[in-house]
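Contents: one structure, followed by commentary.
The values are calculated or read from the model by the stated rules, or taken from the named source; none is laboratory data. On a predicted model such as this, the values are computed, not experimentally measured, just so you know. Every residue, glycine among them, receives a Cβ derived from its backbone with ideal geometry; neighbour counts consider all protein chains shown.
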Amino acid sequence: MKTNNGKLEILECPIDRTPLNENLICEKGHKFYMIDGIYDFIGKDIETDKILETVAPLYESVWAPLGFLLTAGNTYSSILRDSSNFIQGDTLLDIGTGTGKIFDFAKCNTCIGLDTSIKFLKILKHKRNNVIAIRGDARSLPIKSESIDGVSSMFVLHMLENPALGIKEISRVLKNEGKCSIGVLVRGNTISSILSKWWKIDLKYQDYYISNLKDSGLNIIEYKTLGPWRIFKCKKLGHF
């Protein structure tokens, strides 16, 4: 999956979709960087959730386990394990990976974790050095089309102003018959109402996700309701 110079072959420019050379420069001159073992396709400082940034060192050990136990009635690890079992494959991508906890359960030869937070990605590299860390945008992934066997995106797409863009990107990078597991917070629940006000986000209804998944060629195999959360397990249609 890597060339002799260490560049990941499935990477491409997220701006114009042209290939990258060994210096991470695309055919049209856009340059990207490797910083502390992290592929950086954003380059500039962007606004991230201040609360999550603060709790990053305790996110996977305290914050997430407690949060999901209270809101979903399930353990954080069990949710991630179930999702990773569904998407098993040679090359896996986790969007909004945080500290990369899902890779404790996922079976993959090429394991890729993408996030916008340098702080979280540094923790990922420290704890799970086998995972390829990418700082990138879920709305324009620096990944070649139809190059990924399985994609997970747990509890991040609802944070986007337009989650449909993230769904389309998941479909684009998935191989035909590839699988994805997507966890989102949906509108219509007291807990989700509280969380949406806290995070200052405009949540979508469940039907929004169902419609956009289908429109993007992702066939819903199964979905679960865990309190205010929905977990969609999908398979990309072969002809899409």
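So the values come out like this:
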read-out: The listed residue being at pLDDT 95 or above, among the aromatic types (Phe, Trp, Tyr) and within 15 Å of the chain's Cα centre (by Cα), out of 120, 105; value: 120
read-out: From the options 91, 97, residue that is within 23 Å of residue 168 (Cβ to Cβ), free of Cβ contacts under 8 Å to residues at least 60 places away in the same chain and of a type outside the set (D, E, K, R); value: 97
read-out: Meets criteria (small (Gly, Ala, Ser), touching a residue at least 24 places away in the same chain (Cβ under 8 Å), in contact with a helix residue (DSSP H, G or I) (Cβ under 6 Å, 6 or more places away or on another chain) and not in a loop (DSSP other than H, G, I, E, B)) for residue 84; value: yes
read-out: Answer residue from segment 123-159, given it is of a type in the set (A, V, I, L, M), within 12 Å of the chain's Cα centre (by Cα) and assigned to a loop (DSSP other than H, G, I, E, B) and is surrounded by the fewest Cβ atoms within 10 Å (Cβ to Cβ) among those; value: 138
read-out: Residue in segment 71-81 that is free of Cβ contacts under 8 Å to residues at least 60 places away in the same chain, farther than 30 Å from residue 176 by Cβ and surrounded by 20 or more Cβ atoms within 10 Å (Cβ to Cβ) present; value: yes
read-out: Index of the failed condition, residue 172 passing every other in (1) out of contact with any strand residue (DSSP E or B) (no Cβ under 7 Å at 6 or more places or on another chain); (2) surrounded by fewer than 18 Cβ atoms within 10 Å (Cβ to Cβ); value: (2)
